[in-house]
Amino acid sequence: MDKLIITAALTGAEVTRQQQPALPLSPQEIALAAQECVEAGASIVHLHARNPDGTPTQDREVYRKIISAIRSRCDVIIQVSTGGAVGMTPSERLAPVTLAPEMATLSMGTVNFGDDVFMNHPADMQAFLRAMHEHGVKPELEVFDTGMLTAAHRWLKNGLLQAPVHFDFVLGIPGAMAGTPEALMYLRSQLPAGSSWTVAGIGAAQLPLGAMAIVLGGHVRVGFEDNVYYRRGELASSNAQLVARMARIGQELGRAPATPDEARAMLGLRKA
Ligand code: KMH
Ligand code: ZN
């Protein structure tokens, strides 16, 4: 099997310092967390930006600062969020793509998100995809529920998307698909031929679904965006602690972590 690509989702848009005191928020904190995660075995960092008061922002200049601070510390694949936070406008969400990072997320449909609705109109998502093509950015298709994978099949058929596609199954958001082995097995069974995939289990689903993905030939996303605990009742000390555990499990199961360059080769990325 291929080496293991570990994505570190460092900050997210929703998690607070009250929930996780070690949450990196400023560009310098995010860059330090990225470096620690790379040293622990991550090859991709999934980025969200925050204002100085901790609220989420998709401001291009804040992303620029984060990316430049990360690049001054380490080599890693930069993946910006275009999900942003619930309620942001499509043009706000798209802003960091214009910095031409190597990757960006692309949510594949509308979904209930806790007590909110995460709106993703097909026309907006197609515009996001066109912008990613223009800027040479590889999309990671975020699938929160089965219909979103069906949408990807349709887009492949009508030429909006080109294979091979890279997916992220986000499982366990309240209101979306559950963080269960059965959900992951079903989505995996419906993948377009030649696809690569990673899994982002939310909360307590992060560790078991990650371990499953390692065995099944997928890849893994960990980090505070999705889960702030190391184990039940014990907060993780850092994003890197979560990465290091997944790297250890991968090693034991014959899937050593991929370096950023190895992950680039596997995902067909150009180096930014
Ligand atoms: N914050 C969520 C509403 C992404 O990064 O692409 C959306 C999200 C997805 O985090
Ligand atoms: Zn995100």
Task: Long-range amide H partners of L235 with built H, under 5 Å - done: Y230
- [ ] Quick one: compute the contact order of segment 6-267, relative version, from alpha carbon pairs under 8 angstrom and 6+ residues apart, as a percent.
- [x] 21
Open item on the list: Rounded to the nearest 20 debye, what is the charge dipole size of the chain about its Cα centre when +1 sits on each Lys and Arg Cβ and -1 on each Asp and Glu Cβ?
Closed with: 500
Task: Fraction of beta bridges assigned by DSSP in segment 26-179 that are antiparallel (%, nearest 5) - done: 25
- [ ] Might you work out the accessible area of K138 for me, using a 1.4 Å probe with all protein chains in place, and round it to the nearest 10 Å²?
- [x] 40
- [ ] For n ≥ 4 DSSP H runs only, could you compute -39500 (n - 2.57) per run for the chain, divide by its residues and tell me the 222 nm figure to the nearest 500?
- [x] -11000 deg cm²/dmol
Task: segment 9-48-segment 196-244 distance, computed between alpha-carbon centres (Å) - done: 14
Task: F169 - accessible surface, heavy atoms, 1.4 Å probe, Å² rounded to 10 - done: 0
- [ ] Relative to the compact-globule scaling 2.2 N^0.38 Å, provide the ratio for the alpha-carbon radius of gyration of the chain.
- [x] 0.90
Open item on the list: Could you work out what % of the accessible surface of segment 6-267 is carbon and sulfur, using a 1.4 angstrom probe and leaving DNA, RNA and ligands out of the count?
Closed with: 54
Open item on the list: Suppose we keep just the DSSP beta bridges with both residues in segment 6-267; what percent of those would be antiparallel, to 5?
Closed with: 20
Open item on the list: Given a 1.4 Å probe and heavy atoms of the protein chains only, how would you sort E39, E102, E262, largest accessible area at the top?
Closed with: E39, E262, E102
- [ ] Mind giving me the nanometre distance, one decimal, between the label points for R154 and T180, set 7 Å out from Cα along Cα→Cβ?
- [x] 2.6
Open item on the list: Probe of 1.4 angstrom, ligands and nucleic acids ignored: what's the accessible area per residue over segment 6-267, in square angstrom?
Closed with: 40
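The values are calculated or read from the model by the stated rules, or taken from the named source; none is laboratory data. Here the structure is a predicted model, which is why all the values come from computation and not from measurement. Counting neighbours? That spans all protein chains shown, and the Cβs are built from the backbone with ideal geometry, glycine included. Quick note on the areas: whole protein, heavy atoms, side chains included, nothing else; ligands and nucleic acids left out. Shrake-Rupley method; radii C 1.70, N 1.55, O 1.52, S 1.80 Å.
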